1. Suppose the filter is of a type in the set (D, E, K, R), in a helix (DSSP H, G or I) and more than 26 Å from V110 (Cβ to Cβ); does R186 pass it?
2. Go through R186, R204, R181, R195 for me and flag whichever is in the same structural domain as E226 (by TED's automatic domain parsing), in contact with a Leu (Cβ under 9 Å, 6 or more places away or on another chain) and free of Cβ contacts under 8 Å to residues at least 60 places away in the same chain.
Amino acid sequence: MKQDSEGSSNGAKTRRVGRPRRLSIDQVLDAGLALGLDGLTMGAVADRLGVTITVLYGYVANREELVRLAAARAAQQHDFPGDCGQHWTLYAASHAVTLFELLTGPGQLVSQYLTGGMGPEVELDRAEAWLEGMTKRGFHPREALLLQRQMGEIVIGGAVSVWHLRSFEAAGTDFGKAAARAFAARDETALPLLRSEQASFSDRRPVWAHTFAQLLESVALNRGEEFDRQAVMHALAQDPPG
């Protein structure tokens with residue numbers, strides 16, 4: 001009996017099995033970053049790439065490795081701040097802005113940092129570049145590393161605040177309105193001091209840049225230097241406080 005070209009001898013059609021789609025590890029990692037690493041699943045990445053989960057296991061061992069490698073890729077893709085001989089305060093400000101943009105950009109990397117998804121390997125090259133720039137400007141490596149750590153803790157706090165507000169936006173809720181409802185739910189005599197500053201409480205515009213500027217001013221004064229606050233705030237893409 002003549003065999004059907006697309007099926008078996010009884011005429012039943014069978015699915016042709018083609019070769020698995022060829023990918024690169026970079027495509028896999030970029031797909032993960034595009035989806036966001038917080039809550040990422042292998043299935044979601046496979047669907048985005050149009051392959052089976054089995055194909056992904058040819059590139060990464062598991063979800064944890066995918067997230068870790070994707071976070072490292074995002075960090076490596078984010079350019080180091082340029083060193084054009086600027087004052088150390090401006091050099092530090094450019095590093096702070098770069099870190100903030102990295103943590104609040106695609107991939108939700110701040111969540112990965114907080115849950116241990118970004119290990120030391122992500123930070124090594126950046127720390128070395130930072131030390132090169134700061135020792136050139138008269139800082140001892142230990143002093144420079146301490147300042148980098150202080151910068152990181154301030155910037156990470158700012159990034160967390162930004163993602164906190166974005167979570168309200170994603171749910172279709174305005175933080176200020178949510179705060180107003182919370183106040184209204186309490187007795188009118190409760191929280192008298194906080195009620196007098198309800199507008200300030202509800203204002204969640206980022207303040208990390210001002211906090212970081214204060215840190216740089218303190219370091220500059222300890223070094224016997226004058227501090228150009230306006231130039232620093234400009235480098236941090238913020239207006240000086242009134």
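The values are calculated or read from the model by the stated rules, or taken from the named source; none is laboratory data. Bear in mind that the values here come from a model prediction, so they are computed numbers and not experimental data. Note that each Cβ is placed from the backbone with ideal geometry, even for glycine, and that neighbours are counted across all protein chains shown.
1. Spelling it out, it is not the case that R186 is of a type in the set (D, E, K, R), in a helix (DSSP H, G or I) and more than 26 Å from V110 (Cβ to Cβ).
2. Numbers: R186 fails: in contact with a Leu (Cβ under 9 Å, 6 or more places away or on another chain); R181 fails: in contact with a Leu (Cβ under 9 Å, 6 or more places away or on another chain); R195 fails: in contact with a Leu (Cβ under 9 Å, 6 or more places away or on another chain).
So the residue among R186, R204, R181, R195 that is in the same structural domain as E226 (by TED's automatic domain parsing), in contact with a Leu (Cβ under 9 Å, 6 or more places away or on another chain) and free of Cβ contacts under 8 Å to residues at least 60 places away in the same chain is R204.
Here is a yes/no grid of residues against (1) under 21 Å from E123 (Cα atoms); (2) among the aliphatic types (A, V, I, L, M); (3) touching a helix residue (DSSP H, G or I) at 6+ places or on another chain (Cβ under 7 Å):
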| site | (1), (2), (3) |
| --- | --- |
| T135 | yes, no, yes |
| E143 | yes, no, no |
| I154 | yes, yes, yes |
| A170 | no, yes, no |
| A179 | no, yes, yes |
| S218 | no, no, no |
| H234 | no, no, no |
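A quick yes/no check of all residues on (1) in a helix (DSSP H, G or I); (2) at pLDDT 85 or above; (3) at negative phi; (4) surrounded by fewer than 20 Cβ atoms within 10 Å (Cβ to Cβ):
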position	(1), (2), (3), (4)
V97	yes, yes, yes, yes
M118	no, no, yes, no
L124	yes, no, yes, yes
M134	yes, yes, yes, no
